[in-house]
Amino acid sequence: AEKLKLPVTCKSVKVKDFARKEKLSVEEAARNLRYDFFLKVAKENCAPKIALGHNRDDQAETVLMRFLRGSGISGLRGIPAKRPLEDCLIIRPLIEIKRKQIMHFLSVKDIPYRCDSSNLKNLYFRNRIRNELIPYLEKSFNPNIKEMLVNFAENVSEDFDFLQKAAQSRFRAARKTCGGAEVAVNLKKFFTLHKALQKLGARLAIKELKGDVRRIDYRHWKELEDLLGKRPLNSIVDLPGGISAVKKSGNLVFYKRGLK
């Protein structure tokens, strides 16, 4: 950066303290703090894009990690090559490049790099997948397991895009116009949707309020199913990220807790 006369911004944060305060895992807390920092620096420098260094190996690890955590079709798409983050666009120019190709390039060009020593410690779920599970699968089951995982994610992504577009179209017909603190869904129209589109419609409502659907998993969808099918009117389900859903007469209302 010094040779290229590029500005560098660094920040040190107490991740464990933030994790305890927000009741998050250390991994998720670190991720949230990183992205907050990236967005802040991008805005300060009027940068429209944020480039991250995820590679093809990271993609394989992510898909396997999400599978083991019970992710649905959305999570099994893996890491997107680009996605919006508020007014910026996150891009991942190395997502199709294997880690060993990157290391070879650095060696040939004699480019120094820094290795995060925490990546070598099997204290975190992703590290155990990278350092233990994937090598075991490569040795004992399939030497091309990483490529299979990446190809699987690409196939799932295509299927998800189709379903997402269908859900957006059908969900607009079921959604009622509400204020910024809540989204109401007409249950008569909602129940005409295929269950796959119902799930995606619920995710769209949550994303509209929360900005994302992180930490929303299959368990939460089953709670919503139970709410709609078995529980009386005015019953409530609390979801991650400060979002709740209440069963009303003819409507399912998603809202931000504390603002209703």
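The values are calculated or read from the model by the stated rules, or taken from the named source; none is laboratory data. For clarity, every value in this text was computed on a predicted model and none was experimentally measured. All Cβ positions, even for glycine, are placed from backbone atoms using ideal geometry, and neighbour counts span all protein chains on display.
Taking the condition more than 26 Å from Pro240 (Cβ to Cβ), in contact (Cβ under 8 Å) with a residue 24 or more places away in the chain, surrounded by 14 or more Cβ atoms within 10 Å (Cβ to Cβ) and in contact with a Lys or Arg (Cβ under 9 Å, 6 or more places away or on another chain), does Leu89 pass? So Leu89 does not fit the description; no. Number of residues in the range 1-57 that are without any contact (Cβ under 8 Å) to a residue 12 or more places away in the chain, of a type in the set (Gly, Ala, Ser) and more than 24 Å from Arg215 (Cβ to Cβ) equals 2.
Comparison of Leu39, Leu64, Leu33 shows that the only residue that is touching a Leu at 6+ places or on another chain (Cβ under 7 Å), outside the structural domain of Ala153 (by TED's automatic domain parsing) and assigned to a helix (DSSP H, G or I) is Leu39.
For the range 114-127, which residues satisfy the criterion of being part of a helix (DSSP H, G or I) and closer than 25 Å to Ala81 by Cβ?
If the condition is that a residue be part of a helix (DSSP H, G or I) and closer than 25 Å to Ala81 by Cβ, then Asn119, Phe125, Arg126, Asn127 are the ones that fit.
The set of residues in the range 203-239 being assigned to a loop (DSSP other than H, G, I, E, B), at pLDDT 90 or above and not hydrophobic (A, V, I, L, M, F, W, C) consists of Arg231, Pro232, Asn234, Ser235. Looking across Leu163, Leu149, one residue alone is among the aliphatic types (A, V, I, L, M), over 23 Å from Tyr255 (Cβ atoms), surrounded by fewer than 18 Cβ atoms within 10 Å (Cβ to Cβ) and in contact (Cβ under 8 Å) with a residue 40 or more places away in the chain. It is Leu163. Among the numbered conditions (1) under 21 Å from Ser25 (Cα atoms); (2) outside any helix (DSSP H, G or I), the only one that Arg130 does not meet is (2). Considering the conditions (1) surrounded by 15 or more Cβ atoms within 10 Å (Cβ to Cβ); (2) in contact with a helix residue (DSSP H, G or I) (Cβ under 7 Å, 6 or more places away or on another chain); (3) among the aliphatic types (A, V, I, L, M); (4) farther than 22 Å from Val156 by Cβ, Val13 is excluded by exactly one of them, (1).
When Glu182 is tested against the conditions (1) of a type outside the set (Gly, Ala, Ser); (2) buried (at least 18 other Cβ atoms within 10 Å of the Cβ); (3) within 21 Å of Gly72 (Cβ to Cβ), the lone failure is (3).
Taken over the range 58-80, the criterion of being closer than 23 Å to Lys210 by Cβ and hydrophobic (A, V, I, L, M, F, W, C) is satisfied by Met65, Ile73, Leu76, Ile79.
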